[in-house]
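Asks: Before I ask anything, here is the structure I am working with.
The values are calculated or read from the model by the stated rules, or taken from the named source; none is laboratory data. Quick caveat: nothing in here was measured; it's all calculated off a predicted structure. Because the Cβ atoms are built from the backbone with ideal geometry, glycine has one as well, and the counts that use them run over all protein chains shown. What goes into the accessible areas is simple: the full protein's heavy atoms, side chains included, and nothing from ligands, DNA or RNA. Shrake-Rupley method; radii C 1.70, N 1.55, O 1.52, S 1.80 Å.
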Amino acid sequence: MRVIARATALTALGLLLGAAGPADSPVNVPEPDGLYTGPPRGYTPATLKGATVIDREGLEKLLPDKPVLIDVVLADHRPAGLPAGRPWLPTHRSIPGAVWMPGAGAAPLAPEKEEAFLRRVAELTGGDRAKPIVTFCRPECWGSWNAGKRLVAAGYSRVHWFPLGVEGWQDDHDTAVVKPDRAWAESGEGRAGER
């Protein structure tokens, strides 16, 4: 009887999980038609139409081509309750050589902010829309997916999305402390990505 009860419980659990649908599953998350505007963290698709999805090994193989590495991790907010006179110096670690544009993967993004993002990417690529670009943030982060989607829509032909993000890189490699990209921060867009 115990075996039957356990098998029934496992079957019921399987049906319950199956009823959750693909969007609630860590596998088979469908790509939205446009940019993703829901919560910034959560299961992401395994694909990004028009871009190449790469794992850590894929990124390692791409590095000799000197891709533009775009980190869109949101910047941290000053902790609530921290006295005004007390220094607060957060640091952000990223893939060495990455350009950190906090919040550049947000959606919606005001048209002038999207324009500033695309302008900065054009500067970083020297106007070469065939230069390899890698977008990333944290695992299960829609920001890097959105940043890649924006670049594909803008006509960049060698966009790579690294969904494992900074944590996936640091599993086998060193990271470096980076500051927000000066041009991005001076345009005011960097502050929009703080959290």
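Asks: In square angstrom, what is the accessible area per residue of the range 84-184 with a 1.4 angstrom probe?
Replies: I get 46 Å² per residue for the range 84-184.
Asks: Once phi is turned into ³J(HN,Hα) by the Karplus curve 6.51 cos²θ - 1.76 cosθ + 1.60 with θ = phi - 60°, what whole-Hz value does each residue of the range 177-183 show in order, with x for glycine and proline?
Replies: Karplus values, whole Hz, x for Gly and Pro: 6, 10, 9, x, 3, 4, 4.
Asks: Additional query: Quick check: pseudo-label points 7 Å beyond the Cα along Cα→Cβ at A154 and E57, how many nm apart are they?
Replies: Modelled inter-label distance: 3.2 nm.
Asks: For W184, what accessible surface area do you get with a 1.4 Å probe? Give it in Å², rounded to 10.
Replies: Approximately 0 Å² of W184 is accessible to the 1.4 Å probe.
Asks: Could you give each residue of the range 119-131 its phi-based ³J(HN,Hα) in whole Hz, using Karplus coefficients 6.51, -1.76, 1.60 with θ = phi - 60°, and x for Gly or Pro?
Replies: Values per residue, Gly and Pro as x: 4, 5, 5, 4, 5, 5, 8, x, x, 8, 6, 9, 5 Hz.
Asks: Let me ask something additional. Take each of the peptides 74-82, 145-153, average the number of other beta-carbon atoms within 10 Å over its residues, and list them starting from the highest.
Replies: The peptides rank, most packed first, as 145-153, 74-82.
Asks: Multiplying the sequence separation of T37 and R182 by 0.36 nm and subtracting their Cα-Cα distance, what value in nm do you get?
Replies: Result for the pair: 49.6 nm of gain on full extension.
Asks: Rounded to the nearest 0.05, what FRET efficiency do L89 and R129 give with R0 = 45 Å and r taken as the Cβ-Cβ distance? Could you check?
Replies: Result of the calculation: an efficiency of 0.75.
Asks: Tell me, what % of the accessible area of the range 65-188 is carbon and sulfur with a 1.4 angstrom probe?
Replies: Carbon-and-sulfur percentage of accessible area, whole number: 52.
Asks: Taking a 1.4 Å probe, which of E114, E186 shows the most accessible area, and what order do the others take after it?
Replies: Ranking E114, E186 by accessible area, largest first, yields E186, E114.
Asks: So who's got an amide H within less than 5 Å of the one on L74, skipping anything under 5 residues away but keeping other chains? H placed 1.01 Å off N, in plane.
Replies: Those lying under 5 Å, H to H, from L74 are G103.
Asks: If you don't mind, there's one more thing I want to ask. Within 12 Å, Cβ to Cβ, of G165, how many net charges do the neighbouring residues add up to if Lys/Arg are +1 and Asp/Glu are -1?
Replies: Net charge around G165: -1.
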